[in-house]
1. Looking at (1) within 13 Å of the ligand (Cβ to nearest atom); (2) under 21 Å from ARG123 (Cβ atoms); (3) in contact (Cβ under 8 Å) with a residue 60 or more places away in the chain, can you tell me which one SER102 breaks?
2. Report, ordered by the first and then the second residue, all pairs with beta carbons closer than 7 Å, sequence separation of six or more or different chains, a first member in the stretch 60-82 that is among the charged types (D, E, K, R), and a second member that is more than 9 Å from the ligand (Cβ to nearest atom) and at pLDDT below 95.
3. Filtering the stretch 19-33 down to residues that are without any contact (Cβ under 8 Å) to a residue 60 or more places away in the chain and either within 13 Å of the ligand (Cβ to nearest atom) or assigned to a helix (DSSP H, G or I) (or both), which residue is farthest from ALA101 (Cα to Cα)?
4. Would you call ARG117 touching a Gly at 6+ places or on another chain (Cβ under 7 Å) and within 14 Å of the ligand (Cβ to nearest atom)?
5. Which residues, taken from the stretch 38-66, are within 15 Å of the ligand (Cβ to nearest atom) and within 26 Å of LYS136 (Cβ to Cβ)?
6. Quick one: in the stretch 29-60, of everything that is charged (D, E, K, R) and more than 15 Å from the chain's Cα centre (by Cα), which residue is surrounded by the most Cβ atoms within 10 Å (Cβ to Cβ)?
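The values are calculated or read from the model by the stated rules, or taken from the named source; none is laboratory data. Keep in mind that this is a model prediction, so the values were computed, not measured. Positions of Cβ are generated from backbone atoms using ideal geometry, with glycine treated the same way; all protein chains shown enter the neighbour counts.
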Amino acid sequence: MDSGPATQTEPAASITGAGTTIVVCISCRDASGSDAHPRAGERLAEDTRRAAAGQPVEVRTVECLGNCKRRLSASILHDGAWSYVFGDLAEDSGADLVAGASLLATAEDGKIPWRGRPDSLRRGLVARIPPLMPLKDQS
Ligand code: FES
(Lines give C-alpha, C1' and ligand atoms only; values in the text may rest on other atoms or scores of the structure.)
Protein backbone atom coordinates (compact mmCIF):
# COMPACT_ATOMS: atom_id res chain seq x y z
CA MET A 1 0.00 0.00 0.00
CA ASP A 2 1.35 3.37 -0.98
CA SER A 3 1.80 5.52 2.10
CA GLY A 4 3.83 8.32 0.60
CA PRO A 5 3.09 11.98 1.01
CA ALA A 6 0.59 13.78 -1.10
CA THR A 7 1.91 15.64 -4.07
CA GLN A 8 3.04 19.07 -2.99
CA THR A 9 3.27 22.04 -5.27
CA GLU A 10 2.53 25.66 -4.47
CA PRO A 11 1.26 26.02 -0.89
CA ALA A 12 -2.38 26.98 -0.91
CA ALA A 13 -3.42 30.03 1.01
CA SER A 14 -5.70 27.91 3.15
CA ILE A 15 -2.82 26.17 4.90
CA THR A 16 0.15 28.20 5.99
CA GLY A 17 1.85 25.89 8.45
CA ALA A 18 4.35 23.21 7.60
CA GLY A 19 4.49 19.92 9.44
CA THR A 20 0.83 19.05 9.11
CA THR A 21 0.00 15.40 8.56
CA ILE A 22 -3.22 13.49 8.13
CA VAL A 23 -2.97 9.83 9.07
CA VAL A 24 -5.69 7.58 7.66
CA CYS A 25 -6.34 4.03 8.78
CA ILE A 26 -6.52 1.89 5.66
CA SER A 27 -7.74 -1.22 7.47
CA CYS A 28 -11.10 0.17 8.51
CA ARG A 29 -14.06 -1.65 6.99
CA ASP A 30 -17.35 -0.29 5.77
CA ALA A 31 -20.66 -0.95 7.53
CA SER A 32 -20.89 -4.42 5.99
CA GLY A 33 -17.71 -5.48 7.77
CA SER A 34 -16.39 -7.00 4.56
CA ASP A 35 -12.69 -7.86 4.30
CA ALA A 36 -12.75 -7.12 0.55
CA HIS A 37 -10.18 -4.71 -0.85
CA PRO A 38 -10.00 -1.88 -1.36
CA ARG A 39 -11.35 -1.38 2.11
CA ALA A 40 -13.31 1.71 3.01
CA GLY A 41 -10.23 3.05 4.78
CA GLU A 42 -8.19 2.71 1.60
CA ARG A 43 -10.86 4.65 -0.28
CA LEU A 44 -10.83 7.35 2.40
CA ALA A 45 -7.04 7.57 2.08
CA GLU A 46 -7.35 8.04 -1.68
CA ASP A 47 -10.05 10.67 -1.25
CA THR A 48 -7.84 12.47 1.26
CA ARG A 49 -4.86 12.40 -1.09
CA ARG A 50 -7.01 13.91 -3.83
CA ALA A 51 -8.24 16.64 -1.49
CA ALA A 52 -4.70 17.34 -0.27
CA ALA A 53 -3.20 17.68 -3.74
CA GLY A 54 -1.36 20.98 -3.94
CA GLN A 55 -1.70 21.60 -0.22
CA PRO A 56 1.25 21.58 2.20
CA VAL A 57 -0.14 18.65 4.12
CA GLU A 58 1.12 15.10 4.06
CA VAL A 59 -1.22 12.14 3.91
CA ARG A 60 0.06 8.99 5.56
CA THR A 61 -1.57 5.68 6.20
CA VAL A 62 -1.47 3.16 9.03
CA GLU A 63 -3.08 -0.23 9.50
CA CYS A 64 -4.95 0.62 12.68
CA LEU A 65 -5.44 3.65 14.89
CA GLY A 66 -6.99 1.58 17.69
CA ASN A 67 -10.37 3.16 17.01
CA CYS A 68 -11.98 0.27 15.16
CA LYS A 69 -15.38 0.52 16.86
CA ARG A 70 -15.84 4.02 15.44
CA ARG A 71 -15.30 2.75 11.90
CA LEU A 72 -13.45 4.94 9.42
CA SER A 73 -10.73 6.64 11.40
CA ALA A 74 -8.05 9.24 10.84
CA SER A 75 -5.91 11.61 12.83
CA ILE A 76 -4.56 15.09 12.22
CA LEU A 77 -1.14 16.05 13.56
CA HIS A 78 0.73 19.33 13.48
CA ASP A 79 4.09 20.20 14.98
CA GLY A 80 3.65 21.82 18.38
CA ALA A 81 -0.15 21.59 18.27
CA TRP A 82 -2.74 19.27 19.73
CA SER A 83 -3.24 15.96 17.93
CA TYR A 84 -6.72 14.80 16.98
CA VAL A 85 -8.29 11.39 16.42
CA PHE A 86 -11.55 11.09 14.53
CA GLY A 87 -13.92 8.22 13.83
CA ASP A 88 -17.26 7.69 12.08
CA LEU A 89 -15.83 9.24 8.94
CA ALA A 90 -17.08 8.50 5.43
CA GLU A 91 -15.16 7.40 2.37
CA ASP A 92 -15.53 10.95 1.03
CA SER A 93 -14.39 12.76 4.18
CA GLY A 94 -11.02 13.66 2.68
CA ALA A 95 -11.91 17.30 2.07
CA ASP A 96 -13.10 17.58 5.68
CA LEU A 97 -9.81 16.18 6.93
CA VAL A 98 -7.86 18.64 4.81
CA ALA A 99 -10.06 21.49 6.06
CA GLY A 100 -9.38 20.36 9.63
CA ALA A 101 -5.66 20.23 8.92
CA SER A 102 -5.85 23.76 7.55
CA LEU A 103 -7.64 25.00 10.65
CA LEU A 104 -5.11 23.30 12.91
CA ALA A 105 -2.14 24.63 10.97
CA THR A 106 -3.35 28.21 11.35
CA ALA A 107 -4.73 28.01 14.90
CA GLU A 108 -2.86 30.31 17.26
CA ASP A 109 -3.72 28.15 20.28
CA GLY A 110 -2.79 24.88 18.59
CA LYS A 111 -6.36 23.55 18.61
CA ILE A 112 -8.83 23.03 15.78
CA PRO A 113 -11.46 25.71 16.39
CA TRP A 114 -15.08 24.62 16.69
CA ARG A 115 -16.20 27.43 14.42
CA GLY A 116 -15.68 26.41 10.83
CA ARG A 117 -14.88 22.82 11.72
CA PRO A 118 -16.58 20.40 9.31
CA ASP A 119 -19.52 18.53 10.86
CA SER A 120 -17.81 15.19 10.40
CA LEU A 121 -14.92 16.45 12.55
CA ARG A 122 -17.37 17.66 15.19
CA ARG A 123 -19.41 14.48 15.43
CA GLY A 124 -16.46 12.19 14.88
CA LEU A 125 -14.09 13.58 17.50
CA VAL A 126 -12.68 10.74 19.57
CA ALA A 127 -9.81 12.43 21.38
CA ARG A 128 -7.45 15.34 21.31
CA ILE A 129 -3.99 14.98 22.77
CA PRO A 130 -1.84 17.90 23.87
CA PRO A 131 1.60 18.50 22.43
CA LEU A 132 4.37 16.99 24.53
CA MET A 133 6.65 19.96 25.13
CA PRO A 134 4.23 22.18 27.11
CA LEU A 135 3.49 19.16 29.35
CA LYS A 136 7.20 18.64 29.96
CA ASP A 137 7.52 22.32 30.88
CA GLN A 138 4.91 21.82 33.63
CA SER A 139 6.94 19.18 35.45
S1 FES B 1 -8.91 -0.96 11.73
FE2 FES B 1 -9.09 1.20 11.48
S3 FES B 1 -8.87 1.97 13.52
FE4 FES B 1 -8.55 -0.17 13.73
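1. Among (1) within 13 Å of the ligand (Cβ to nearest atom); (2) under 21 Å from ARG123 (Cβ atoms); (3) in contact (Cβ under 8 Å) with a residue 60 or more places away in the chain, SER102 violates only (1).
2. Partner pairs satisfying both residue conditions: ARG60/SER3; ASP79/GLY19.
3. Once the filter is applied, the top-ranked residue is GLY33.
4. Working: touching a Gly at 6+ places or on another chain (Cβ under 7 Å): yes; within 14 Å of the ligand (Cβ to nearest atom): no.
Taking the combined requirement at face value, the residue does not satisfy it.
5. ARG60, VAL62, LEU65, GLY66
6. Kept after step one, since they are charged (D, E, K, R), are these residues of the stretch 29-60: 29-30, 35, 39, 42-43, 46-47, 49-50, 58, 60.
With the extra rule that they be more than 15 Å from the chain's Cα centre (by Cα), the set shrinks to 29-30, 35, 39.
Values: ARG29: 15, ASP30: 15, ASP35: 8, ARG39: 19.
Checking each candidate, the answer is ARG39.
Each row is one residue, and each column tells you yes or no for (1) of a type in the set (Gly, Ala, Ser); (2) more than 13 Å from the chain's Cα centre (by Cα).
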site: GLY87; (1), (2): yes, no
site: ASP96; (1), (2): no, no
site: SER102; (1), (2): yes, no
site: GLY110; (1), (2): yes, yes
site: SER120; (1), (2): yes, no
site: ILE129; (1), (2): no, yes
site: LEU132; (1), (2): no, yes
site: GLN138; (1), (2): no, yes
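Listed here are the residues, each with its yes/no results for (1) buried (at least 17 other Cβ atoms within 10 Å of the Cβ); (2) closer than 18 Å to THR106 by Cα; (3) touching a Cys at 6+ places or on another chain (Cβ under 9 Å).
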{"residue": "THR21", "(1), (2), (3)": "yes, yes, no"}
{"residue": "SER27", "(1), (2), (3)": "yes, no, yes"}
{"residue": "VAL62", "(1), (2), (3)": "yes, no, yes"}
{"residue": "ALA74", "(1), (2), (3)": "yes, no, yes"}
{"residue": "ASP92", "(1), (2), (3)": "no, no, no"}
